[in-house]
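The values are calculated or read from the model by the stated rules, or taken from the named source; none is laboratory data. What you are looking at is a predicted structure, and each value in this text was computed from that prediction instead of being measured. Every residue, glycine as well, gets a Cβ built from its backbone with ideal geometry; the counts of neighbours run over all protein chains shown.
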């Protein structure tokens, strides 16, 4: 039996998460359209897997080539030089998409508008490390998380006009990721970095499990109008995660605690470097409070209950697959 023709618009497709999502959608036989800022610089996106259009011409293209069945909005900035930078990238683009798809003819036959947000909107687990669920009030503590919260509010305000769903991934790792890559590189150098201590408790998810969850949320009737944490059901102690990295690398590692004072100095220097160069850096003062928290834990139970999704890749397998990809592509 052939699969019904369905058309997806996916933003952020040259980036880490959305590029994997495009690969999955293409493999499932869906038609995928990806608006990008620079069609000449596709990075992780294969033109064989999707139709590529300039982001600047999105509305005109959508009006002439639509309608779309699904919009998955995964574009945005995770690093920036100011709150305005995050707001422009994470809120204004969301508002632009909502405006386009709230009007005819693009609002029909749209089945779902999915915003890929972040666990950071809910803030850290300041309740003894117990997992937060979706009923927890928003408590963002960084510019990035604040801007994603504003994007969530913009989406929820359109719930009467659009069929919306919001997903909040926890910390994501896997092939093509550049953020957790730094920890892999440290382990490769036989160093085990411990920010906020070796017992930091975190929710984490492998990217290939995450994209399964995003697609499941988009296709589910029960996810309409709801917010979901997407994460592995078993949070990890940071020391144990680093141990898995060391096993994958075949290295004995030296623990390297990073004291808060050093982290604050690094953030101060990051602020200065960003101001001088005009370029974003990984660690700066607005990100500092997130890094100093000892527990970032959330529960995926609502997703399991509503549409049967569960992260299925064993963590040690996911770490090995990621390590091998980094090695094969010269990132380590």
Exercise. Going by the structure shown, is residue 193 touching a strand residue (DSSP E or B) at 6+ places or on another chain (Cβ under 6 Å), modelled with pLDDT under 95 and more than 24 Å from residue 14 (Cβ to Cβ)?
Worked result: yes
For this session: Tell me which of these residue 40 doesn't satisfy, since it passes every other one: (1) more than 17 Å from the chain's Cα centre (by Cα); (2) in contact (Cβ under 8 Å) with a residue 12 or more places away in the chain.
Result: (2)
Exercise. Just a yes or no: is a residue in the range 8-25 over 29 Å from residue 146 (Cα atoms), modelled with pLDDT under 95 and surrounded by fewer than 22 Cβ atoms within 10 Å (Cβ to Cβ)?
Worked result: no
For this session: Working only within the range 270-299, note down all residues that are crowded, with 18+ Cβ neighbours inside 10 Å and more than 21 Å from the chain's Cα centre (by Cα).
Result: 270, 274
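So that you can scan it fast, the table gives a plain yes or no per residue for (1) in contact with a helix residue (DSSP H, G or I) (Cβ under 9 Å, 6 or more places away or on another chain); (2) assigned to a loop (DSSP other than H, G, I, E, B); (3) surrounded by fewer than 23 Cβ atoms within 10 Å (Cβ to Cβ):
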site: 139; (1), (2), (3): yes, yes, yes
site: 145; (1), (2), (3): yes, no, no
site: 149; (1), (2), (3): yes, no, yes
site: 162; (1), (2), (3): yes, yes, yes
site: 178; (1), (2), (3): yes, yes, yes
site: 212; (1), (2), (3): yes, no, yes
site: 222; (1), (2), (3): yes, yes, yes
For this session: Scan (1) in contact with a helix residue (DSSP H, G or I) (Cβ under 7 Å, 6 or more places away or on another chain); (2) outside any helix (DSSP H, G or I); (3) without any contact (Cβ under 8 Å) to a residue 60 or more places away in the chain for the single condition residue 288 breaks and write down its number.
Result: (2)
Problem set entry | Hits in the range 300-332 - residues which are buried (at least 19 other Cβ atoms within 10 Å of the Cβ) and assigned to a loop (DSSP other than H, G, I, E, B) | 300, 309, 311
